[in-house]
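For reference, the structure discussed in these notes is given below.
The values are calculated or read from the model by the stated rules, or taken from the named source; none is laboratory data. What you see is a predicted model; the values in this text were computed from it and never measured. Heads up, the Cβs are rebuilt from the backbone with ideal geometry, glycines too, and the neighbour counts pull from every protein chain shown. Side chains included, ligands, DNA and RNA excluded: accessible areas come from the protein's heavy atoms. Shrake-Rupley method; radii C 1.70, N 1.55, O 1.52, S 1.80 Å.
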Amino acid sequence: MLRPPQKLIANMAKTRSFTVIVYKEEDMYIAECPEIGTVDQGETIEQAIAGLTQATRLYLEELPVPEASPRYVTSIEVGYA
């Protein structure tokens, strides 16, 4: 059985899913990754998420995070006066 060289194994990309929160402030969309703390913005939701993806990838290349349990996002309804 052939094994890939150790250097090749070290350079293989990892993939992991993260939570993304998107909201609008004035005329820009803000995208946040709460597990990592990265934030980016764009004129559209797609641009904000694309920028956040790039920012998060660059962050993880320098400062990898330990494994964590997945986060789940839901909503609640609250009555108030």
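Quick check on this structure: which one of P4, P70 is open to solvent by less than 80 Å² (accessible area, probe 1.4 Å), assigned to a loop (DSSP other than H, G, I, E, B) and at pLDDT below 85?
P4
Residues checked against (1) of a type in the set (D, E, K, R); (2) at pLDDT below 90; (3) surrounded by 13 or more Cβ atoms within 10 Å (Cβ to Cβ); (4) under 14 Å from the mean Cα position of the chain (by Cα):
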position	(1), (2), (3), (4)
E26	yes, no, no, no
A31	no, no, yes, yes
V39	no, no, yes, yes
E46	yes, no, no, yes
L52	no, no, yes, yes
R57	yes, no, no, yes
L60	no, no, yes, yes
T74	no, yes, no, no
G79	no, no, no, no
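Taking region 24-72 only, how many residues are in contact (Cβ under 8 Å) with a residue 40 or more places away in the chain and touching a Ser or Thr at 6+ places or on another chain (Cβ under 6 Å)?
Number satisfying all stated conditions: 1.
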